[in-house]
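*Asks:* Provided herewith is a single structure, encoded as structure tokens, for subsequent inquiry.
The values are calculated or read from the model by the stated rules, or taken from the named source; none is laboratory data. Not measured: the values here are computed from a predicted model. Neighbour counts run over all protein chains shown; Cβ positions are idealised from the backbone, glycine included.
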Amino acid sequence: MIENVRIRGGILTVCLAFAFVIIWHGLTLEPKFISKGLSEKELLTMEFNGDIIRDDNDVYYYNPDKPRGIPGPKKVFDKTIEEFSGAFEIRGTNDHGVAYLIWYTVKRFAAGFVCASIIAIILGVMIGLSKVTFFALNPFIQVLKPISPLAWMPLLLYSVKDPTYTAILVVFMASLWPTVANTAFGVNSIKIDYLRVASLMEMSRFRLLYKVILPAAAPTIIAGLRISFGSALVAVVPAEMLLGELGIGYLSWMEWNNLDISGIIFAIMMVGIVGVILDSLFNLLAKVFSYPET
């Protein structure tokens, strides 16, 4: 039954993707240039500006190299082939292949997210173990949690004076507070019966933490990590754009500076694909560290 649902869902996904490409192609078809009603001076001006070009028969048509609205799927596909043909090339200081750019982004994301997750879980457990501490610090956590990580960037850049570490710290700030809040809430909300049974068994503090507290709080901890994961992934791309650090965000900004709309769409697609792959890896890790109820 479940297998049939997955097959039908996969077929529907392919059909929807195909329909989207067809509609996208239809909406972005290049219109034919009509010179009727335009004076010779106007035509020469448009030709001088690069809006139109003419062939050997003096027939004018739109310049295909100049952007006119959103490019169609063929142009984006050609751009994708072009980018991946030199994916592992380094042509200059700021001209690295897309494979290197993806790697730089993933490294920053992983460094900030992993460090923030470890610190956040430790802090959350410490805060959640004491109800007095939880109620005292929870208002501060709730104030800090909704602050955009990009709002910290000027202060972080001023403090560390290094754009690479600043980008990692932006990801760190994006990942920290949701996990702290959820972990503290999960630990603080553990059923008292669990703790009573552990007390009767005279468990050590470490065993109590490993065998009772973490398994009981695991669902909320995983939920916090999932929220932090999404926030960190959203934060790393604009951080690279604003700081000028090589990565997928930098690629998108450079394509905009070059007025290459196909390149911008390609960069957006790469962000989505990288996000899906990282999210899939996160789901695998979440299953490994989750505690099923028995």
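*Asks:* Only helices (runs of 4 or more DSSP H) wholly contained in region 192-263 count here; list those with 2 or more residues that are modelled with pLDDT of 80 or more and either aromatic (Phe, Trp, Tyr) or under 22 Å from the mean Cα position of the chain (by Cα) (or both).
*Replies:* Result: 214-243, 248-257.
*Asks:* OK, next. Of everything in region 264-281, what is under 14 Å from the mean Cα position of the chain (by Cα) and touching a residue at least 60 places away in the same chain (Cβ under 8 Å)? Give them in sequence order.
*Replies:* 269, 270, 274, 278 - these are the residues of region 264-281 that are under 14 Å from the mean Cα position of the chain (by Cα) and touching a residue at least 60 places away in the same chain (Cβ under 8 Å).
*Asks:* Can you tell me which residue among 53, 70 is surrounded by fewer than 15 Cβ atoms within 10 Å (Cβ to Cβ) and either out of contact with any Lys or Arg (no Cβ under 9 Å at 6 or more places or on another chain) or not polar (S, T, N, Q) (or both)?
*Replies:* Within the list 53, 70, the selection yields 70.
*Asks:* Need the failing condition index for residue 87 against (1) in a helix (DSSP H, G or I); (2) under 23 Å from the mean Cα position of the chain (by Cα); (3) of a type outside the set (Phe, Trp, Tyr), just the number.
*Replies:* (1)
*Asks:* Scan (1) hydrophobic (A, V, I, L, M, F, W, C); (2) in the same structural domain as residue 227 (by TED's automatic domain parsing); (3) surrounded by fewer than 12 Cβ atoms within 10 Å (Cβ to Cβ) for the single condition residue 59 breaks and write down its number.
*Replies:* (2)
*Asks:* If you go through region 120-139 one residue at a time, how many are surrounded by fewer than 17 Cβ atoms within 10 Å (Cβ to Cβ) and of a type in the set (Phe, Trp, Tyr)?
*Replies:* 1
*Asks:* Go over the candidates 34, 53, 23 one by one and state the one that is over 20 Å from residue 255 (Cα atoms) and in a loop (DSSP other than H, G, I, E, B).
*Replies:* Just one listed residue meets the conditions, 34.
*Asks:* Follow-up. Of the residues 87, 116, 120, 110, which single one is under 22 Å from residue 229 (Cα atoms), among the small types (Gly, Ala, Ser) and without any contact (Cβ under 8 Å) to a residue 40 or more places away in the chain?
*Replies:* So the residue among 87, 116, 120, 110 that is under 22 Å from residue 229 (Cα atoms), among the small types (Gly, Ala, Ser) and without any contact (Cβ under 8 Å) to a residue 40 or more places away in the chain is 110.
*Asks:* Report, by residue number, each residue of region 142-173 that is among the β-branched types (Val, Ile, Thr), closer than 25 Å to residue 219 by Cα and touching a Gly at 6+ places or on another chain (Cβ under 9 Å).
*Replies:* 171
*Asks:* Looking only at residues in region 96-119 that are over 10 Å from residue 251 (Cβ atoms) and β-branched (Val, Ile, Thr), which one is surrounded by the fewest Cβ atoms within 10 Å (Cβ to Cβ)?
*Replies:* So the residue we want is 118.
*Asks:* Please work out if residue 105 is part of a helix (DSSP H, G or I), within 22 Å of residue 257 (Cα to Cα) and outside the structural domain of residue 263 (by TED's automatic domain parsing).
*Replies:* So residue 105 fails the test.
*Asks:* For region 106-131, which positions are in contact with a helix residue (DSSP H, G or I) (Cβ under 8 Å, 6 or more places away or on another chain) and under 14 Å from residue 174 (Cβ atoms)?
*Replies:* 108, 109, 111, 112, 113, 115, 116, 117, 119, 120
*Asks:* Continuing with this model, one more query. If a residue has to be in contact with an Asp or Glu (Cβ under 6 Å, 6 or more places away or on another chain) and either surrounded by fewer than 19 Cβ atoms within 10 Å (Cβ to Cβ) or under 18 Å from residue 75 (Cβ atoms) (or both) to count, how many in region 224-265 make the cut?
*Replies:* 2
*Asks:* Let me ask something else about it. Please determine whether any residue of region 23-33 is touching a helix residue (DSSP H, G or I) at 6+ places or on another chain (Cβ under 7 Å) and not hydrophobic (A, V, I, L, M, F, W, C).
*Replies:* yes
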